[in-house]
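Have a look at the structure below, then the notes.
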Amino acid sequence: MAGTGAPRPRRRALRSVLRAALVVAVVFAVLVGLLWSVQRRLVYLPGGGPLPAAADAVPGGRDVRLATADGLTLGAWFVPGPAADAPAVLVANGNGGHRGLRAPLARALSSAGLAVLLFDYRGYGGNPGSPSEAGLALDVRAARSWLLEEAAVPEERLLYLGESLGCAVVTELAVEHPPAGLLLRSPFVDLAAVGREHYPFLPVRALLRDRYPVAEQVARVRAPTTVVYGGADTIVPPAQSRRVADAAAQLHRRVEVPGADHNDAVLLDGEALVDAVVELAALAGGR
């Protein structure tokens, strides 16, 4: 007698497909859960200490300590300018390493007649705490406060320089406290946009705890803004840096360095970058 329903081989095949789909779904869910829990370890790549004394890293540099609003003490190096009213540059690092890796930039800016503050975020360079978007916002405010209150830098002489992730840090600060000039080196549109470039198979925007909406916020910054980026950047696509420049409310200049990748020396402390900072300082009447 003929049976009813699908033949047994077909039912077995269907059950196999369903089991496979269930396995894939479970694996995906586990992967997403794992990434949710460890995502900040993928975003923030701190370098630890010990670090040399400031004077050993940058001629004329001195070690200083920054106090954050939530009670942390952060290490920093300050390099005074040639005169008390010299323009000062607050440098916000990218997501990797520590301030020691930015010593060549500090030396180049100092040689150009600018004061410089290099500092490490919480969790970086031997500092206490763990990095997060909210935490880094407190850290950069501590750096700005130190420059204004302890180093007596006039607000109209204070420039912000952000590097990659640091672009987001100083842009958020600039919305609340506009600088004399804002320089963004290799900025991304927002963290989810650059995350999708590296993890296209994941729902990055839904997963991220930290947002860093650079393009959205730079549209609200009332300060001359220069965007510098590499034409061959494999970490932050040049198209994203161009979109940030397009969004800037007061774009002064965009500088594309042909053939330069994200961490090439020309973008870390090269002539194009330093000249762009000096040009912004001149707009502030500091040169």
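The values are calculated or read from the model by the stated rules, or taken from the named source; none is laboratory data. Predicted, not measured: the structure shown is a model, and the values here were computed from it. So basically every Cβ, Gly included, is an ideal-geometry build from the backbone, and we count neighbours across all protein chains shown. The accessibility values were calculated without ligands, DNA or RNA, using every heavy atom of the protein model including side chains. Shrake-Rupley method; radii C 1.70, N 1.55, O 1.52, S 1.80 Å.
Within the option set 136, 101, 147, 118, being assigned to a helix (DSSP H, G or I) and in contact with a helix residue (DSSP H, G or I) (Cβ under 6 Å, 6 or more places away or on another chain) holds for one residue only, 136. Quick one: would you say residue 115 is open to solvent by less than 10 Å² (accessible area, probe 1.4 Å) and at pLDDT below 95? Spelling it out, it is not the case that residue 115 is open to solvent by less than 10 Å² (accessible area, probe 1.4 Å) and at pLDDT below 95. Residue-level check: of (1) surrounded by 15 or more Cβ atoms within 10 Å (Cβ to Cβ); (2) in a helix (DSSP H, G or I); (3) modelled with pLDDT under 95, residue 206 misses just (1). The single residue among 69, 84 that is hydrophobic (A, V, I, L, M, F, W, C), assigned to a loop (DSSP other than H, G, I, E, B) and within 28 Å of residue 213 (Cβ to Cβ) turns out to be 69.
The residues of the range 61-83 that are of a type in the set (S, T, N, Q) and open to solvent by less than 50 Å² (accessible area, probe 1.4 Å) amount to a single one, 68. The requirement of being open to solvent by 40 Å² or more (accessible area, probe 1.4 Å), among the acidic types (Asp, Glu) and within 22 Å of residue 235 (Cα to Cα) is not satisfied by residue 156.
Of all residues in the range 78-106, none that is farther than 18 Å from residue 124 by Cα and of a type in the set (D, E, K, R) has its Cβ atom under 6 Å from the Cβ atom of a residue that is open to solvent by less than 40 Å² (accessible area, probe 1.4 Å) and not in a loop (DSSP other than H, G, I, E, B), 6 or more apart or on another chain. Contact annotation: residue pairs with Cβ atoms under 7 Å, 6 or more positions apart or on different chains, pairing a residue in the range 229-245 that is of a type in the set (Asp, Glu) with a partner that is assigned to a loop (DSSP other than H, G, I, E, B) and open to solvent by 10 Å² or more (accessible area, probe 1.4 Å), are 233/261; 233/262.
Within the range 167-203, the set of residues being surrounded by fewer than 19 Cβ atoms within 10 Å (Cβ to Cβ), within 22 Å of residue 267 (Cα to Cα) and in contact (Cβ under 8 Å) with a residue 12 or more places away in the chain comprises 197 only.
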